1. Can you tally the net charge around LEU124? Count Lys and Arg as +1, Asp and Glu as -1, for every other residue whose Cβ sits under 11 Å from the Cβ of LEU124.
2. How much length would be gained if the chain were fully extended between LYS157 and SER32, taking 0.36 nm per residue of separation minus their Cα-Cα distance, in nm to one decimal?
3. Say R0 is 25 Å: what FRET efficiency, to the nearest 0.05, do THR43 and GLN126 get from their beta-carbon distance?
4. Please compare each pair in LYS34/LYS71; LYS34/LYS87; LYS64/LYS87; LYS87/LYS123 to a cut-off of 20 Å on the Cα-Cα distance and tell me which ones are over it.
5. Within the set of other residues whose C-beta is less than 13 Å from the C-beta of VAL56, count the net charge using Lys and Arg as +1 and Asp and Glu as -1.
Amino acid sequence: MSIKNKIAAAAFCGFFMSGCASIVSDSSYPISLKSAPDTANFTITNRSGAVVHSGVTPSVVTLKANAGYFKGERYLITFKKEGFGEKTFTLTSSLDGWYWGNILFGGLIGMLIVDPATGAMYKLPQDVSINLDANTTASNNQILTIASFDSLTDEQKAKLVKVN
């Protein structure tokens, strides 16, 4: 066998022994985090509860799409800013369409070993934007009171509005 044939055979084997998503896609993705208003603090925890990143918006973080062999990652992102209510967002990986390319190009090795092991079979959304709600507190300290109709005065009964 000539050297050219050996190189061609090695390239052919390398191509068909690798996973399709591993060739075309990544296993980690840059995620753009934005909030309205800006400068909200954020904390990202993975599915096992470990904090993997924290910072201030706007920011770009790189996150792994998998949590293990045949296991997509799921992140909980918590946004906090003084004067605003805390918000959480769940970022979940999904199956990368290129994974199905293994049927034609990567074969069983790509589908069952390479792509699941590298995490390239999963992808993550690239943008997360959150609108934070301003904290609202009653300025005149209004209190909700529950009362039966029979306990109301005539003046209170006159102010009632019928709801259908």
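Bear in mind that the values in this text are calculations on the coordinates, not laboratory data. Owing to the predicted nature of the structure, the values given are computational and were not obtained by experimental measurement. Note: ideal-geometry Cβ built from the backbone for every residue, glycine included; neighbour counts use all protein chains shown.
1. Values: positive: LYS64, ARG74, LYS123; negative: ASP26, GLU73, ASP96, ASP127.
Neighbourhood net charge equals -1.
2. Numbers: separation 125, 0.36 × 125 = 45.00 nm, distance 5.42 nm.
In short, 39.6 nm is gained.
3. Details: r = 20 Å, r/R0 = 0.79.
Taking R0 as 25 Å, the efficiency between THR43 and GLN126 is 0.80.
4. Details: LYS34/LYS71 27 Å; LYS34/LYS87 13 Å; LYS64/LYS87 22 Å; LYS87/LYS123 24 Å.
LYS34/LYS71; LYS64/LYS87; LYS87/LYS123, as the Cα separations exceed 20 Å there.
5. Numbers: positive: LYS34, LYS80, LYS81; negative: ASP38, GLU82.
Within the 13 Å Cβ shell, the charges total +1.
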